[in-house]
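The values are calculated or read from the model by the stated rules, or taken from the named source; none is laboratory data. Remember, predicted model here, so these are calculated numbers, not experimental data. All Cβ positions, glycine included, derive from the backbone under ideal geometry; neighbour counts span all protein chains shown. Protein only, heavy atoms only, side chains kept; ligands, DNA and RNA dropped before computing areas. Shrake-Rupley method; radii C 1.70, N 1.55, O 1.52, S 1.80 Å.
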Amino acid sequence: MSDTPRLDRRPEWTALADHRAQRQERLRDLFATDPGRAQRYVVRVGDLRIDYSKHLITDETLALLRELASATDVFGLRDAMFHGKKINITEDRAVLHTALRAPAGAVVEVDGQNVVPGVHAVLDRMSAFAGRVRSGEWTGHTGRRIRNVVNIGIGGSDLGPAMAYEALRAYTDRELTFRFVSNVDGADLHEALRDLDPAETLFVVASKTFTTIETITNATSARSWLLDGLGGEEKAVAKHFVALSTNAGKVAGFGIDTANMFEFWDWVGGRYSFDSAIGLSLMIAIGPERFRELLDGFRIVDDHFRTAPAESNAPLLMGLLGVWYGNFFDAQSHAVLPYSHYLSKFTAYLQQLDMESNGKSVDREGRPVRWQTGPVVWGTPGTNGQHAYYQLIHQGTKIVPADLIGFARPVGELSDELKAQHDLLTANLFAQGQALAFGKTAEEVRAEGVPEEQVAHRTFQGDHPTTTILAPELTPSVLGQLIALYEHKVFVQGAVWDIDSFDQWGVELGKVLAKRVEPALTEGAEVPGLDPSTASLVAAYRELRKQ
Ligand code: F6P
């Protein structure tokens, strides 16, 4: 056991708690007394302009938060991560997704071995393969060119490429069809395949472990569909299946030629893997050059996080703001609200990144934490949310810190009329940030002539904190920058909370129990030790299935 004080016993923590208890400023007052905060509380990284002026903070708050970061040695852990130290302690692994975007020629060692040449060798193989599929040179078993790509994977082997495919649709080859199948519900694969021709379909089976039951089950069914459609010749599999994995043995065991496997390594966590071989479907969609631009974007933020001083370090600031609300305002959730239709899956992607990383309740030494850890992350594109759940954020009883993400220019080949809608979209973003921060006082409502009995209902309290992230345009590089920003934000919070952000034991129990329960459903087998509630559900299910 270390003898450093636990987080909630540190003087820096207590100082923040005191600061919170003493100060109850309203955002209106903070801006009235210090209008300069609108310029001062902006940090730039790459193409991102991150405005954190609408937060319930002062210079003193920020100084105290930085002291907490310093006391918890966030930058020390950061350096250990970038240098390949095994900071994933429960799995005894390095955490090196940053090496996936390191430039050729960089040296990043794990166990004395430079991993960068291997990263670039796989990228080169991916580029060559993607090029062949895109040009039509890679053909299916019958000699027809590939027109459909179906990615089969789940969690980190699905969310990243599926999200980025949507985000970068404007850059994709529109001649090709892409589908992403993750759910073990047969309906997912059925709907993905029902209008596809097997002779023109390539399956990309993405699984770090190649043991994940959902993925292996769907891949097995996909293989049957393919063989049924192509006359049952086993050798067709080689032209229609490729694998993305760390586990060559399992890939070969499944029947995929390891010559068609693109590898990555155990130092890439599933939720941090989409810029590894896991991005192959995306690379086929947008092309190798655009994929490299995406990696360049990640690298811009990596370099910033590694070198920027605490005062202007964007991931550090965003992470600390989350700590401020989660631990000192008791905020339970964090909303991410993109004002871009193309980012419709961005928040779902962040849910795994954040909640699988920081959904922990013991510290790095295994002791129960006595402080809140990761928030519930949620949200959908902003304009749609405005007509659904924003009411609760504006006038409900909870504090929901939010990130509003917008772009100065639309992407894609929109007509002039549709392009013109972009200003309206952005006006909504700015208006929401304004309304959330400053609200509307009872006096303002009365001045509008609202009858007295309605004044309370129409008053907006304000003081709902938001960060506004603005970029010129949603390019591959900007997407990489955004993702790296959130990756490192999550890292900062895990470091402060003293938790292992890189394991995910919490998903194991359900997996083990599913394997035990399944025979009871299919074969009616006795499952020893099944609790009465689940046993009764099993019985009801079997009964209903007969009807
Ligand atoms: O959900 C648990 C998990 O282990 C994730 O961390 C991972 O991204 C996902 O399952 C898929 O795992 P794999 O890539 O090994 O199939």
Sites matching trypsin sites (Lys or Arg not before Pro) across segment 310-372 that sit in DSSP coil, with at most 11 neighbouring C-beta atoms within 10 Å: 370
Based only on Cα atoms, what Rg/Rh ratio does the chain have, Rh being taken as Kirkwood's radius? 0.99
On alpha-carbon atoms, Rg over Rh for segment 43-124 using Kirkwood Rh? 1.11
Integer Hz, Karplus 6.51/-1.76/1.60 couplings in order for segment 326-339, x for Gly and Pro: x, 9, 10, 10, 6, 5, 9, 9, 9, 9, 10, 10, x, 9
Centre separation in Å (Cα based) which lies between segment 140-200 and segment 297-373: 30
So how compact is segment 273-348: Cα radius of gyration and Dmax in angstrom? 16.1, 46
Charges only on Cβ, +1 for Lys and Arg, -1 for Asp and Glu: so what's the dipole of segment 283-372 about the Cα centre, in debye to the nearest 20? 180
Net charge dipole size for the chain [Lys, Arg +1 and Asp, Glu -1 on Cβ; Debye, nearest 20]: 320
Sulfur and carbon atoms: percent of accessible area, segment 450-514 [1.4 Å]: 64
Can you pull out the trypsin sites (Lys or Arg not before Pro) in segment 120-162 whose DSSP state is coil and whose Cβ has at most 15 other Cβ atoms within 10 Å? 144
Choose one of 161, 105, 136: the residue whose Cα lies farthest towards the positive end of the charge dipole of segment 105-167 (beta-carbon charges +1 Lys, Arg; -1 Asp, Glu; about the Cα centre). 136
Any chance you could look up the accessible area of residue 235 with a 1.4 Å probe, heavy atoms only, rounded to 10 Å²? 140
Alpha carbon convex hull of segment 204-271, volume per residue in cubic angstrom: 75
Put 299, 44 in order of accessible area, largest first, 1.4 Å probe: what do you get? 44, 299
For residue 149, the residues 5 or more places away or on another chain with a placed amide H closer than 5 Å to its own amide H are 177, 178, 179, 202
In terms of the charge dipole of the chain, which places +1 on Lys and Arg and -1 on Asp and Glu at the beta carbon, the residue among 406, 529, 33 farthest towards the positive end is 529
Restricting everything to alpha-carbon atoms, can you work out Rg to Rh for segment 152-250 with a Kirkwood hydrodynamic radius? 0.95
Convert 25 °C to kelvin, take the viscosity as 0.890 mPa s, use the Kirkwood radius over C-alpha pairs of segment 38-182 as Rh, and evaluate the Stokes-Einstein diffusion coefficient in µm²/s, rounded to a whole number. 124
Give the ranking of 452, 214 by solvent-accessible surface, highest area first, calculated with a 1.4 Å probe. 452, 214
Solvent-accessible area, 1.4 Å probe, carbon plus sulfur percent, for segment 149-233: 44
Taking every pair of alpha-carbon atoms in segment 367-510, what share in percent sits in each 10 Å bin, from 0 to the bin with the longest distance? 9, 27, 30, 22, 11, 2
Residue 376 - accessible surface, heavy atoms, 1.4 Å probe, Å² rounded to 10: 80
First compute the accessible area of segment 1-123 with a 1.4 Å probe, then give the percent of it belonging to carbon and sulfur atoms. 49
Rounded to 5, the percent of DSSP beta bridges in segment 316-457 classed as antiparallel: 10
For the chain, what does the accessible surface come to per residue with a 1.4 Å probe? Please give it in Å². 44
Using the Karplus curve 6.51 cos²θ - 1.76 cosθ + 1.60 with θ = phi - 60°, work out ³J(HN,Hα) for each residue of segment 90-105 in order, rounded to whole Hz, and write x for Gly and Pro. 6, 10, 6, 10, 6, 10, 10, 4, 5, 5, 5, 10, 6, x, 4, x
Once phi for every residue in segment 284-292 is put through the Karplus expression 6.51 cos²θ - 1.76 cosθ + 1.60 (θ = phi - 60°), the whole-Hz ³J(HN,Hα) values, with Gly and Pro written as x, are 5, 5, 9, x, x, 5, 5, 4, 5
Kirkwood Rh, angstrom, segment 1-91 [1 / mean 1/r, Cα pairs]: 15.9
Run through the DSSP bridge list for the chain and note the antiparallel percent, rounded to the nearest 5. 30
Sum of -39500 (n - 2.57) over DSSP H runs of 4+, divided by residues of the chain (222 nm, nearest 500): -14500 deg cm²/dmol
One checks the Cα atoms of segment 104-168 and finds Rg and Dmax, in Å, of 16.0, 46
